[in-house]
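Okay, structure first, notes after.
The values are calculated or read from the model by the stated rules, or taken from the named source; none is laboratory data. This structure is a prediction, so every number in the text was calculated from the model and none was measured. A quick note on method: Cβ atoms are made from the backbone with ideal geometry, for glycine too, and the neighbour counts reach across all protein chains shown.
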Amino acid sequence: MFLSTAGTKKLEDPRNSWHSEWWPAKVIMWLFYLGIPFLVPSGFIEFYGRIAHFGAGVFLVIQLISVISFITWLNDCCRSEKNAERCRIHVSVISIASYVASIIGIVLMYIWYAPKPTCKLNILFITLTLALLQVTTFVSVHPKVNAGLLAPGLMGTYIVFLCWCAIRSEPNTEICNRKAEAATNADWLTIVSFVVAILVIAAATFSTGIDSKCLQFKKSEAESEDDVPYGYGFFHFVFAMGAMYFGMLFVGWNTHKTMKKWTIDVGWASTWVRVGNEWLAALIYIWMLVAPLVWKRRRVEAS
């Protein structure tokens, strides 16, 4: 679908119908491709697993950029001259709520996942998350940046969430992960969490797929009525990478590991991927704040 829809610009393009219609043909193709993995040699699946590691990483980066772009867009929209006065109270409430939620999340993670001083790794993860929250806030409110408190507040909540996901991915055999051990005693709750996790990831994949503008480095030309609403090729590319990400979740980012029943994204490989995802999110956000100042200084020096 990516190869056949990439570069579609106008609604009258026949590929527009191929993207949004032709469902009988797509269902037949889907059933055909669903059966192929059972017929090809296992070596091909291993080869795809190696590619999926890279593709899943690409998906995480695209998703990060999409989320951060939305946060910065919302912040700029609320701080614009048109909406600044009208959104002042809303911005204050959301900012305070975000910081309170972040602090509560960090405190709960200390209680749940670092109950003893011997839980050094979890203490490190949580403490670094607290430090990243402070750094992002400091950079955002710096006079030269002056990005306000809304964006770092929302970004802090997102970073705390990523840290929580990382620690939740630790094997439940660890003494420091009591919540994961307790979750195994409630089969119905584990199944519900499993299904919800899949639905959330699918929704995130869809929303990221239609956000092709998040990776544009320059402003595009004005859109006309006959232009496609979003990049079809990018949409299918994100879903292809998202499919690889799904595969990595089901095997805990380790193609040679057997996962327990009704578990998703559990294992030390998953934990470190999540932690790296959190650190990368903070770095990308800080760079998006600092980059305009860096480019401006370089232009001044060059002139």
Legend entry - Long-range neighbours under 6 Å by Cβ, at least six apart or interchain, first residue at pLDDT 85 or above within the range 154-175, second part of a helix (DSSP H, G or I) and among the aromatic types (Phe, Trp, Tyr): Met155/Tyr285; Cys163/Phe125; Ile167/Tyr113
Inset, instruction - Report the residue count in the range 107-166 for those that are aromatic (Phe, Trp, Tyr) and buried (at least 17 other Cβ atoms within 10 Å of the Cβ). - result: 5
Inset, instruction - Taking only the range 18-48 into account, find how many residues are assigned to a loop (DSSP other than H, G, I, E, B) and of a type outside the set (Phe, Trp, Tyr). - result: 4
Legend entry - Enumeration of residues in the range 210-258 that are at pLDDT below 70, part of a helix (DSSP H, G or I) and of a type outside the set (D, E, K, R): Ser212, Cys214, Leu215
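Among the listed residues Ala101, Ala131, which satisfies the condition of being part of a helix (DSSP H, G or I), touching a residue at least 40 places away in the same chain (Cβ under 8 Å), farther than 30 Å from Met244 by Cα and out of contact with any Leu (no Cβ under 8 Å at 6 or more places or on another chain)?
Numbers: Ala131 fails: touching a residue at least 40 places away in the same chain (Cβ under 8 Å).
Answer to the check: Ala101.
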Inset, instruction - Mind telling me which of the residues Val273, Val266, Val294 ends up being modelled with pLDDT under 80 and under 21 Å from Val160 (Cα atoms)? - result: Val266
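The rows are residues; the columns are (1) small (Gly, Ala, Ser); (2) under 23 Å from Ser66 (Cα atoms); (3) in contact with a strand residue (DSSP E or B) (Cβ under 8 Å, 6 or more places away or on another chain).
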position: Met259; (1), (2), (3): no, no, no
position: Thr263; (1), (2), (3): no, no, no
position: Gly267; (1), (2), (3): yes, no, no
position: Ala282; (1), (2), (3): yes, yes, no
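Would you point out the residue of the range 259-278, among those that are in a helix (DSSP H, G or I) and of a type in the set (S, T, N, Q), that is nearest to His19 (Cα to Cα)?
Within the range 259-278, the first condition is being in a helix (DSSP H, G or I), and the residues that meet it are 268-278.
With of a type in the set (S, T, N, Q) added as a condition, the list becomes 270-271, 277.
Working: Ser270: 33, Thr271: 36, Asn277: 31 Å.
Residue satisfying both the conditions and the ranking: Asn277.
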Inset, instruction - Of the conditions (1) in contact with a helix residue (DSSP H, G or I) (Cβ under 6 Å, 6 or more places away or on another chain); (2) more than 30 Å from Asp226 (Cα to Cα), Ile104 clears all except one; give me its number. - result: (1)
Legend entry - Among (1) under 30 Å from Trp295 (Cα atoms); (2) assigned to a helix (DSSP H, G or I) - the single one Asn146 does not satisfy: (2)
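Let's see how each residue does on (1) farther than 20 Å from Ala243 by Cα; (2) in contact (Cβ under 8 Å) with a residue 12 or more places away in the chain; (3) of a type in the set (Lys, Arg); (4) surrounded by 12 or more Cβ atoms within 10 Å (Cβ to Cβ):
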| residue | (1), (2), (3), (4) |
| --- | --- |
| Thr5 | no, yes, no, yes |
| Thr8 | yes, yes, no, yes |
| Leu11 | yes, yes, no, yes |
| Leu39 | no, no, no, no |
| Leu64 | no, yes, no, yes |
| Ser69 | yes, yes, no, yes |
| Thr72 | yes, yes, no, yes |
| Ser80 | yes, no, no, no |
